[in-house]
Structure formats: C-alpha cells, structure tokens
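Everything below concerns the one structure shown next.
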Amino acid sequence: MTESAVILVQDLSKHYGSVRAVDGISFTVARGATCALLGGNGAGKTTTIAMLLGLLLPTSGQIDILGEEVPRHRQRVLPRMNFSSPYVDLPQRLTVAENLTVYARLYGVRRVAERLAVLGRDLDIAAFFQRPYGSLSAGQKTRVALAKALLNEPEILLLDEPTASLDPDTADRMRSILTDYQRQSGATLLLASHNMSEVERLCDQVIMLRAGQIVATGTPRELIHRYGRKDMEEVFLDIARGIQSGEVLE
Ligand code: ATP
C-alpha cells in the first residue's frame, strides 16, 4: 500500500450464486484523489461501493479505508465518510430540513443549524427546507442527497451517479460544488458515473469494470491516448465492447 492510499482494495469479490457481481478486483485510491468507477450496466460499480461502505459483505477479499479494515472496523471509519446514491431514498414525509437534521445528529455534526444554512445556500436547496422530501422532483432530491453526503464534511465521499437526473446547468453547479469542497477539504472522492464529460472534468484516476473485473485503469488523458480516441466517451465504448487498446474501430 502506498503511504497516501486511503482506500485499499485487494482481490475483492462478491458472488450471488453463479453471478460474479464483483470478481477479484484490486485497486488503491490516494488521499485527495478523485477516482471514477466506470462500467456498463451491471458491471459491478454499485456492489463495489456498497462493500466499501460496509453495507454488503464481500464473498472474499480485503478492504482498508483510512487504515481500518472494513467491514470489521466499519464503525471507526463511517463518521469520516459519507455517500450519495440514487438507490437510497430519505423518509418521504419528513421535510428536507427534518431529514437533514436527523442525519446531522446521526453524524455528530456540532452546529447543525449553521451547517444546514451553509448547505442550503451552496446547494441552492434552502427554498425546499420546509417541504416534505417526498414532494420534491428527482433533480431536487439529488441535490438534497448531495447535501446529506456533505453534512459531516467527510474525508472520503462515495458517490453513485451524483448528477443523475440533474439538468445540465444544475449538474454543472453540483460538479463545481464537489471540486470546491475537495479543494478546501482535501477529501478523497470515488464516484460511479455514466457521464464521461463529468469524468474528464472531475477525475484524475479511472477504474474501468466489465463483468465484475477491472479491465483498464489510468488517468482520463492516459486512457484517451492509449485507445487513440478523442474523448472518454469513445474510450468507454471501446472498453465496454471489449475492444483492446490499439485496435481501431471502423
Ligand atoms: P448499473 O450501471 O446498472 O447501476 P452496476 O455497475 O452498478 O450497474 P451492480 O448493481 O453492482 O452493477 O450489479 C452487478 C451485477 O450483480 C449485476 O449483474 C446484477 O444483476 C448483480 N446483482 C447485484 N445485486 C444482486 C443480488 N442481490 N442478487 C443477484 N445478483 C445481483
């Protein structure tokens, strides 16, 4: 493990009967990096993130986060982490402010009202604070989920499709918020995304999964160069279709 690695994954697998959702992956993410976990539908991204959070038990392999073994010492690192996922909803009948307050208390946030005011302003969600969470649009919910993920000023932020369902303008603002947060805090980000321009803009490391295995890694620039393509969108298509670097698609 390199000195600065804050996420260390070794030979990690998750099998469901004959389905190898994650199949022997190993990688590290350095402190302060933004790493993209890419792959087509069913490649194993969400399963990997769930195991990093300690929500799913691996079939085999090892995970160390901030020097602690997960899931065994999950409770020691969870206060220093957070996540957002379109698959995890908040209670619908509570207002946005009530939801965020409950989570803030769970995370042990000290000055809850102050933190909510900052996030309300930064994520432009203050206008919805008194509305039931269930009454929000999909894009508004995504912004609230991001606010929830930033509540405890996490050192490690795991984001499953953080800008899914956002319009291009709002998505762009959310990306700026994430980069600003990272610059100020030095946090490490791991994100699953299907948006390749987002990956080019935010990420300095890419891990490409196919059928539960890592099939390519590198910086976006390295991958674009290696595959002789003009952008990550084209690289993604090559890798997802099983084309080796160096081959040229007609
Ligand atoms: P997407 O981009 O569609 O969200 P993903 O890369 O996040 O996909 P996962 O959700 O991690 O993919 O799923 C990986 C594989 O594991 C898929 O084939 C999925 O059907 C399978 N899988 C996930 N959970 C289970 C489960 N509980 N039981 C059986 N198979 C599962």
Out of the range 1-99, which chymotrypsin sites (Phe, Trp or Tyr not before Pro) are coil in DSSP terms and have no more than 13 other C-beta atoms within 10 Å? Tyr87
Given a Förster distance of 22 Å, report the FRET efficiency between Ser60 and Ser4 from their Cβ-Cβ distance, rounded to the nearest 0.05. 0.25
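Kindly report the accessible area of the range 5-240 per residue (heavy atoms of protein chains, probe 1.4 Å, no ligands, DNA or RNA), in Å². Before the final figure, lay out the partial values.
Numbers: 10720 Å² over 236 residues.
Counting only protein heavy atoms, the per-residue value for the range 5-240 is 45 Å².
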How much net charge surrounds Glu161 when only other residues with a Cβ under 11 Å from its Cβ are counted (Lys, Arg +1; Asp, Glu -1)? -1
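What number, in percent, do you get for the relative contact order of the chain if the mean sequence gap of Cα pairs under 8 Å and at least 6 apart is divided by its residue count?
Numbers: 457 pairs, mean separation 60.5, N = 250.
24 percent.
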All lysines inside 16 Å of Lys45 as judged from Cα atoms, apart from same-chain residues fewer than 8 positions distant: Lys14
Averaging sequence separations of C-alpha pairs under 8 Å and six or more residues apart, then dividing by the length of the range 55-116, give the relative contact order as a whole percent. 17
³J(HN,Hα) computed for each position of the range 208-216 - Karplus, 6.51 cos²θ - 1.76 cosθ + 1.60, integer Hz, glycine/proline x: 9, 9, 9, 6, x, 10, 7, 10, 6
tail above 31 Å in the computed P(r) of the chain, as % of all Cα-Cα pairs, reads 24
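The values are calculated or read from the model by the stated rules, or taken from the named source; none is laboratory data. Only a predicted model underlies this, so the values are computations on that prediction, with no experimental measurement involved. So basically every Cβ, Gly included, is an ideal-geometry build from the backbone, and we count neighbours across all protein chains shown. These area figures cover heavy atoms from the full protein model, side chains too; ligands, DNA and RNA do not enter into them. Shrake-Rupley method; radii C 1.70, N 1.55, O 1.52, S 1.80 Å.
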